[in-house]
Amino acid sequence: MTDSTTVPTAAPAAAGPPGPHRATLPIVLTGVFLGGLDFFIVNVAVPAVQRDLHATDAQIQLMVAAYALTYGVGLITGGRLGDLYGRRRILALGMALFTAASAAAGAAPTADLLIAGRVLQGAAAALMAPQVLGIITTSYQGPARVRAVSWYAAASGIAAVFGQLIGGVLIRADLFGLGWRACFLVNLPIGLAAATAAARLLPESKAPGRPRLDLTGLALATAALTALCLPLIEGREQGWPLWTRLLPVAAPLLLAAFTLQQRRLRRRGGTPSVDLALFRERAFTAGLAAQLAFWASMASYFLVFALYLQQGRHLTPIASGLVFSALGAGYVAASATARHLAARIGRHAITAGCALRAAGLLLELWAVAGDGRSLGWLLPGLLLDGAGMGLSFAPLTATVLARVPAASAGSAGGVLTTGLQVGNALGVALIGLVFYRVLADTPGPGAVPAAFRACLWCVLATTGLLALIVQALPGRQAERRRP
């Protein structure tokens with residue numbers, strides 16, 4: 001008997017989609033990789049962009065924020081579009097639009113046009129990302145789905161962990177004199193090939209019947225997520241003006257209005273944007289909460305570690321990217337074994353991942369406690385930290401997908417990926433407050449290491465919170481009682 005956290009099953013749709021092509025997984029994982037990579041790769045390009053385009057600090061912040069915001073708020077809409085019009089079709093469209101937006105960003109002659117390109121990139125990524133989990137859920141069953149989810153986790157983590165290294169290599173190589181523009185233009189050949197392959201080779205699936213698009217619900221969901229995410233992304237840089245304090249108050253009210261509207265629509269026989277029945281499953285609800293905690297700790301850690309390496313240790317982008325590769329090595333190695341361990345011990349594989357992360361973070365705290373210590377002392381902690389990330393992510397994703405009906409696969413994918421982006425925003429916003437507050441209060445050359453140490457304690461606390469949430473996930477007894 002397998003654990004519900006490791007072998008999710010889905011109720012079949014009225015008319016099951018054809019089996020997956022052997023290229024299905026590589027194609028959808030390309031969409032995962034591109035969307036995640038462009039969230040992280042741009043950080044190393046910021047100084048060069050500012051010099052070349054004479055961008056202000058506010059424009060640089062908006063260049064980063066525009067992608068994250070449009071990506072995060074568009075995910076529920078993207079997932080529902082896949083349910084209604086076909087996940088293959090929307091994925092191929094998203095890939096094509098992402099490629100075009102990357103070309104526009106890479107060729108932008110001004111900072112404002114670059115920001116516009118980033119907005120389009122985020123919107124296109126919001127079309128791509130939910131379809132990936134939707135296609136995996138409807139195309140694979142049993143152990144095959146577990147393997148597919150493990151590869152999804154690996155692709156997501158590799159994009160996050162190696163994004164800075166890839167960006168540093170591209171800028172250093174200066175291919176054809178493109179400089180920072182290569183960070184965007186590298187998407188063109190990959191995106192065009194993936195969009196063509198998706199349109200030709202992927203199995204099609206959609207929600208059964210002839211549902212209609214819920215424009216009112218999508219507008220309310222988008223407004224609620226904007227009210228939550230925008231202050232987190234822009235508040236600190238703008239000094240927390242009044243609107244950044246009012247919008248978070250409006251966010252739960254808009255979310256409540258969205259929930260009521262979705263229930264009314266369901267009672268009238270309509271098709272809601274989000275299947276609220278998903279939240280009746282403990283595996284989905286607790287798994288989604290765990291995803292929020294996991295990505296809050298991941299994104300915030302990547303931010304402060306990059307700042308420590310480049311501002312505290314004065315490394316170049318490519319050198320700091322090479323240090324990140326130690327994390328990547330641990331992540332890839334653990335991801336390859338996560339599903340096998342989870343098949344034996346269920347949700348406790350995630351707990352083990354949290355323990356590895358905690359051990360790695362404690363080693364990192366020791367390594368940065370003395371200013372004179374070599375970066376080499378960080379490597380054991382980074383390897384353990386990366387292994388903990390890799391061991392946790394795949395079982396978490398499988399848990400969120402547990403018992404998701406095929407008809408709601410796109411909606412579930414949209415909710416899941418929205419949770420990922422909200423976790424990113426929450427983590428980065430909160431850790432940024434800690435980092436810059438300690439930086440301002442600590443004089444001298446030890447300010448950056450002190451700020452980094454304070455943030456490591458915060459990440460350690462978030463990892464502990466994740467370990468507690470994991471205990472609410474269904475275990476083996478729940479699996480035996482499952483109908």
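Quick note: the coordinates plus some simple rules give every number you see, no bench work behind them. This is a predicted model, so every value here is computed, not measured. Note that we place each Cβ from the backbone using ideal geometry, even for glycine, and neighbour counts take in every protein chain shown.
A compact table of results
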{"quantity": "The chain: angle of helix 409-441 to the longest principal axis, Cα-based, in degrees nearest 10", "calculated": "20 degrees"}
{"quantity": "Residues in the stretch 304-324 that a label on Arg51 would reach, taking backbone N under 14 Å of a point 7 Å out along Cα→Cβ", "calculated": "316-318"}
{"quantity": "Rounded tilt (10° steps) of 187-201 against the dominant C-alpha axis of the chain", "calculated": "10 degrees"}
{"quantity": "Rounded D (µm²/s) - the stretch 81-204, Kirkwood Rh over Cα pairs, Stokes-Einstein at 37 °C, 0.692 mPa s", "calculated": "209 µm²/s"}
{"quantity": "Segments 294-307, 21-34 sorted - mean Cβ within 10 Å per residue, highest first", "calculated": "294-307, 21-34"}
{"quantity": "Gained length - Arg268 relative to Trp366, 0.36 nm times residue gap less alpha-carbon distance", "calculated": "29.3 nm"}
{"quantity": "FRET efficiency, Leu213 to Leu433 (Cβ-Cβ, R0 51 Å, nearest 0.05)", "calculated": "0.85"}
{"quantity": "Unit charges at the beta carbon, dipole of the chain: most positive-side option, Thr316, Leu375, Val304", "calculated": "Val304"}
{"quantity": "Per-peptide average of other Cβ atoms within 10 Å, ordering 322-331, 258-267 highest first", "calculated": "322-331, 258-267"}
{"quantity": "Farthest positive-ward along the stretch 90-246 dipole, Cα basis, beta-carbon charges - from Leu202, Leu246, Phe176", "calculated": "Leu202"}
{"quantity": "Most positive-pole-ward Cα, Leu220, Ala355, Ala125, against dipole of the chain from beta carbon charges", "calculated": "Leu220"}
{"quantity": "Pairwise label distance in nanometres, Ser374 with Phe279, each label 7 Å out on the Cα-Cβ vector", "calculated": "5.3 nm"}
{"quantity": "Degrees separating the helix 282-307 axis from the principal Cα axis of the chain, which is the longest one", "calculated": "20 degrees"}
